[in-house]
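Reading through the structure tokens given below for one structure.
The values are calculated or read from the model by the stated rules, or taken from the named source; none is laboratory data. Keep in mind it's a predicted model, so treat the numbers as computed, not measured. Cβ placement follows ideal geometry from the backbone for every residue including glycine, while neighbour counts extend to all protein chains displayed.
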């Protein structure tokens, strides 16, 4: 069973991503499998490849019917017989698909949970040869998850109807509690559990203080004229007004929220997927499971309720492995609004919501590595700091002596409270310091305060930044409720009294360029890349599919880097399988040849991002931990049980350690007896191409594939 050849033939991939091969082998063996893999990590391949490699139908449970057509279009473009059933189909089209299902014409069927669990549907399905059920977005089954959907609870009945069909549950985000709930509710039987790293190295995380928020957003988007992205808002009203303003400023945008009709939502989503609009302004309901790989940025215009939602939403960026930017616009007033909403919940719900909000605020305010902070929330340790992928690591904040400014601000807050008996909001304090002539200042006679006008030396946004930092330092606090009034904390009163020195940090610009290329960047001929994008769009429009269904940006950038001019060269491009080679080689090769006739061929350094040459420079944290335990003398089985992994994952970690020179050939003695070494070496000698499946078969399948990988890896290195 040659997985590598099959994945190349149908999907054009030359290699598997971490854990994919192990998951696929377990699925093919008929085991229940739980998969937690970040967005962009390759979850779909884990059930798509097994569907191609065995007889029978794979049912894929997906919560969003609006995405099914594009998912199926992508599979069909790669030559894979797949279909979907949902309410968007006409009567005759649906009848044709039902007929095809009964005739076993399809390998994959996408369906929503509420349709799958209808009695009439289940009665028909019992007559099909179902090989596997894959449940995507499985966290929706858990009340502890961030996106609980009651219809998912019905899926527990699948075990009753299909007791012998293996189930694969997949999600991109789930805490340990949610993972346990998924396994329990779906009644998975002794499942193989795979938890990939939550780290998305191609994403850059930034938090920017709000200051003229719309102007900040506009500048950010205008500085990226060829990129598409999602802007998340807290309310439908903000979503609509933001889309309207962006369109007025020349940026094509559409809103997406529950207040639109289903027809409008589908139309707006398709416009985004097909690159007819650059930006979607959305409430948090948008994007779960969205299959648009070239989202280059995600901006949170308002504060998310929790880190789990934030991680899920930022995960929409950079699914193709190319760089993505994640920007959170943050202000203390957003926190106050969230607290106001939390106070309206039941006490039980409020306790959970407050804890989640506290974690979200900690992420927004930290001066430490944001990637490490985010991964820590999911129980993952990240020690490769600086990460070179967050604002705190890329642009360590410059500091300055802010004692005088802090004294002025704290004194103003104190004097307002002393006169009124209550506080005012941040903007009003800034108005007083700047000597503004506003109606509120005149009515309250705050122009008589001794602090009125003492801050004219600084601009408004500078004072706002100082106020936010004093909030972060807990020298002032923002009262819960709509108005977020400021008062001094005990620490703030002490600083004001004792004139304690205060160090503040300078502001950063949301659109500030980064000095070094982000992780995942593929250097290429940008002019050719744009021409290939135009060709892709033309072919996609002719087929009435999104552009990424033809080829991803990664494939186009590799074409614009390597200039393939023959079918054999084109076949080497990532994403080019047999069907796409047949359908698209001619137009793309013609475009590249015409370009080269008028333009010189450029060359690029080996380390500038190409998938052909890209290599890691060190072990990741999980691999390093496995190596540490192995070097302490623990066995593979002991390490697997201690870390909660299957043995194949541990073998993979040790293979990586060997490839980085951390384990020498003499380590064979830890794995094999002298007799076993001779036997395995002889088998490798007989199998000329070294395929592990063939070697294993020759040895009577008595050795774990992972062990054979270890043997092969050790055999490629000289003693150190």
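Which of (1) touching a helix residue (DSSP H, G or I) at 6+ places or on another chain (Cβ under 6 Å); (2) at positive phi; (3) buried (at least 17 other Cβ atoms within 10 Å of the Cβ) does residue 79 not meet, given it meets every other one?
Condition not satisfied by residue 79: (3).
Going by the structure shown, is residue 25 surrounded by fewer than 22 Cβ atoms within 10 Å (Cβ to Cβ), out of contact with any strand residue (DSSP E or B) (no Cβ under 9 Å at 6 or more places or on another chain) and within 22 Å of residue 549 (Cβ to Cβ)?
Details: surrounded by fewer than 22 Cβ atoms within 10 Å (Cβ to Cβ): yes; out of contact with any strand residue (DSSP E or B) (no Cβ under 9 Å at 6 or more places or on another chain): yes; within 22 Å of residue 549 (Cβ to Cβ): no.
So residue 25 does not fit the description; no.
Looking only at the range 479-491, count how many residues are surrounded by 21 or more Cβ atoms within 10 Å (Cβ to Cβ) and at pLDDT 80 or above. First the steps, then the outcome.
The first filter runs over the range 479-491 and keeps only residues surrounded by 21 or more Cβ atoms within 10 Å (Cβ to Cβ), leaving 484-486.
Then keep just the ones that are at pLDDT 80 or above; that gives 485-486.
Qualifying residue count for the region: 2.
Mind listing whichever residues of the range 157-178 are surrounded by fewer than 21 Cβ atoms within 10 Å (Cβ to Cβ) and over 20 Å from residue 30 (Cβ atoms)?
Correct list: 157, 175, 176, 177.
Being at pLDDT below 90 and either outside any helix (DSSP H, G or I) or over 30 Å from residue 653 (Cβ atoms) (or both) is true for just one of 258, 169. Which residue is that? Show your work before the answer.
Numbers: 169 fails: at pLDDT below 90.
Answer to the selection: 258.
Conditions first: (1) assigned by the TED database to the domain that holds residue 708; (2) at pLDDT 80 or above; (3) exposed (fewer than 14 other Cβ atoms within 10 Å of the Cβ). Residue 603 passes all but one, so which condition is the exception?
Checking residue 603 against (1) assigned by the TED database to the domain that holds residue 708; (2) at pLDDT 80 or above; (3) exposed (fewer than 14 other Cβ atoms within 10 Å of the Cβ), the one that fails is (1).
Can you find a residue that is modelled with pLDDT of 90 or more, within 30 Å of residue 268 (Cα to Cα), assigned by the TED database to the domain that holds residue 174 and in a strand (DSSP E or B) anywhere in the range 40-47?
no
Tell me, which residue of the range 311-327 that is in contact with a strand residue (DSSP E or B) (Cβ under 7 Å, 6 or more places away or on another chain) and in a helix (DSSP H, G or I) is farthest from residue 220 (Cα to Cα)?
313
One residue is enough: does the range 309-325 have a residue meeting the conditions more than 30 Å from residue 523 (Cα to Cα), buried (at least 18 other Cβ atoms within 10 Å of the Cβ) and in the same structural domain as residue 213 (by the TED database)? Break it down stepwise before answering.
Keep residues of the range 309-325 that are more than 30 Å from residue 523 (Cα to Cα), which gives 309.
Then drop every residue that is not buried (at least 18 other Cβ atoms within 10 Å of the Cβ), which leaves 309.
If we keep only those that are in the same structural domain as residue 213 (by the TED database) too, we end up with 309.
The answer is yes; a qualifying residue exists.
If I go through the range 1-37 residue by residue, how many of them are in contact (Cβ under 8 Å) with a residue 40 or more places away in the chain, outside any helix (DSSP H, G or I) and out of contact with any helix residue (DSSP H, G or I) (no Cβ under 8 Å at 6 or more places or on another chain)?
Number of matching residues: 3.
Can you tell me which of (1) without any contact (Cβ under 8 Å) to a residue 40 or more places away in the chain; (2) surrounded by 16 or more Cβ atoms within 10 Å (Cβ to Cβ); (3) under 22 Å from residue 10 (Cα atoms) is the one residue 529 doesn't meet?
Among (1) without any contact (Cβ under 8 Å) to a residue 40 or more places away in the chain; (2) surrounded by 16 or more Cβ atoms within 10 Å (Cβ to Cβ); (3) under 22 Å from residue 10 (Cα atoms), residue 529 violates only (3).
Run down 696, 608, 648 and say which single residue is at pLDDT below 70 and not assigned by the TED database to the domain that holds residue 28. Talk me through it step by step, then tell me what you get.
On the way: 696 fails: at pLDDT below 70; 648 fails: at pLDDT below 70.
Just one listed residue meets the conditions, 608.
Out of 681, 640, which single residue is surrounded by 18 or more Cβ atoms within 10 Å (Cβ to Cβ), in a helix (DSSP H, G or I), modelled with pLDDT of 80 or more and on the phi < 0 side of the Ramachandran plot? Quick ask: steps written out before the conclusion?
Working: 681 fails: surrounded by 18 or more Cβ atoms within 10 Å (Cβ to Cβ).
The unique qualifying residue is 640.
Of all residues in the range 489-504, count the ones that are under 19 Å from residue 429 (Cβ atoms) and touching a helix residue (DSSP H, G or I) at 6+ places or on another chain (Cβ under 6 Å).
Of the residues in the range 489-504, 4 are under 19 Å from residue 429 (Cβ atoms) and touching a helix residue (DSSP H, G or I) at 6+ places or on another chain (Cβ under 6 Å).
Within the range 159-183, count every residue that is touching a helix residue (DSSP H, G or I) at 6+ places or on another chain (Cβ under 9 Å) and without any contact (Cβ under 8 Å) to a residue 40 or more places away in the chain. Please lay out each step first, then the result.
Here is the first cut: in the range 159-183, the residues touching a helix residue (DSSP H, G or I) at 6+ places or on another chain (Cβ under 9 Å) are 161-162, 165-175, 178-179, 181-182.
With without any contact (Cβ under 8 Å) to a residue 40 or more places away in the chain added as a condition, the list becomes 161-162, 165, 178.
Adding up the residues that qualify gives 4.
May I ask you to verify whether residue 370 is at pLDDT 90 or above and over 30 Å from residue 450 (Cβ atoms)?
Against the criterion (at pLDDT 90 or above and over 30 Å from residue 450 (Cβ atoms)), residue 370 qualifies.
Based on what the data block shows, is residue 465 in contact (Cβ under 8 Å) with a residue 40 or more places away in the chain, touching a strand residue (DSSP E or B) at 6+ places or on another chain (Cβ under 6 Å) and outside the structural domain of residue 335 (by the TED database)?
Values: in contact (Cβ under 8 Å) with a residue 40 or more places away in the chain: yes; touching a strand residue (DSSP E or B) at 6+ places or on another chain (Cβ under 6 Å): yes; outside the structural domain of residue 335 (by the TED database): yes.
Yes.
Based on what the data block shows, is residue 460 outside the structural domain of residue 216 (by the TED database) and either touching a residue at least 60 places away in the same chain (Cβ under 8 Å) or on the phi < 0 side of the Ramachandran plot (or both)?
Details: outside the structural domain of residue 216 (by the TED database): yes; either touching a residue at least 60 places away in the same chain (Cβ under 8 Å) or on the phi < 0 side of the Ramachandran plot (or both): yes.
Criteria met by residue 460.
Out of 426, 394, 433, which single residue is farther than 30 Å from residue 314 by Cα and buried (at least 16 other Cβ atoms within 10 Å of the Cβ)?
Sole residue among the options that is farther than 30 Å from residue 314 by Cα and buried (at least 16 other Cβ atoms within 10 Å of the Cβ): 433.
Do we have residue 12 as surrounded by 22 or more Cβ atoms within 10 Å (Cβ to Cβ), on the phi > 0 side of the Ramachandran plot and either at pLDDT below 95 or touching a strand residue (DSSP E or B) at 6+ places or on another chain (Cβ under 6 Å) (or both) here?
Numbers: surrounded by 22 or more Cβ atoms within 10 Å (Cβ to Cβ): yes; on the phi > 0 side of the Ramachandran plot: yes; either at pLDDT below 95 or touching a strand residue (DSSP E or B) at 6+ places or on another chain (Cβ under 6 Å) (or both): yes.
In short, yes.
Can you find a residue that is modelled with pLDDT of 90 or more, surrounded by 22 or more Cβ atoms within 10 Å (Cβ to Cβ) and within 17 Å of the chain's Cα centre (by Cα) anywhere in the range 327-338?
yes
All but one of (1) modelled with pLDDT under 85; (2) assigned to a loop (DSSP other than H, G, I, E, B) hold for residue 456; state the number of the condition that does not hold.
(1)
In the range 397-423, which residues are surrounded by fewer than 16 Cβ atoms within 10 Å (Cβ to Cβ) and within 39 Å of the chain's Cα centre (by Cα)?
Within the range 397-423, 397, 398, 399, 400, 401 qualify.
Confirm whether residue 224 is crowded, with 23+ Cβ neighbours inside 10 Å and in a loop (DSSP other than H, G, I, E, B).
Working: crowded, with 23+ Cβ neighbours inside 10 Å: no; in a loop (DSSP other than H, G, I, E, B): yes.
Here the answer is no, as residue 224 does not meet what is asked.
Regarding residue 50, is this residue crowded, with 17+ Cβ neighbours inside 10 Å, outside the structural domain of residue 575 (by the TED database) and in a loop (DSSP other than H, G, I, E, B)?
Numbers: crowded, with 17+ Cβ neighbours inside 10 Å: yes; outside the structural domain of residue 575 (by the TED database): yes; in a loop (DSSP other than H, G, I, E, B): no.
For residue 50, the condition - crowded, with 17+ Cβ neighbours inside 10 Å, outside the structural domain of residue 575 (by the TED database) and in a loop (DSSP other than H, G, I, E, B) - is not met.
Residue by residue through the range 122-150, note down the ones that are free of Cβ contacts under 8 Å to residues at least 12 places away in the same chain and in contact with a helix residue (DSSP H, G or I) (Cβ under 7 Å, 6 or more places away or on another chain).
148, the sole residue that qualifies.
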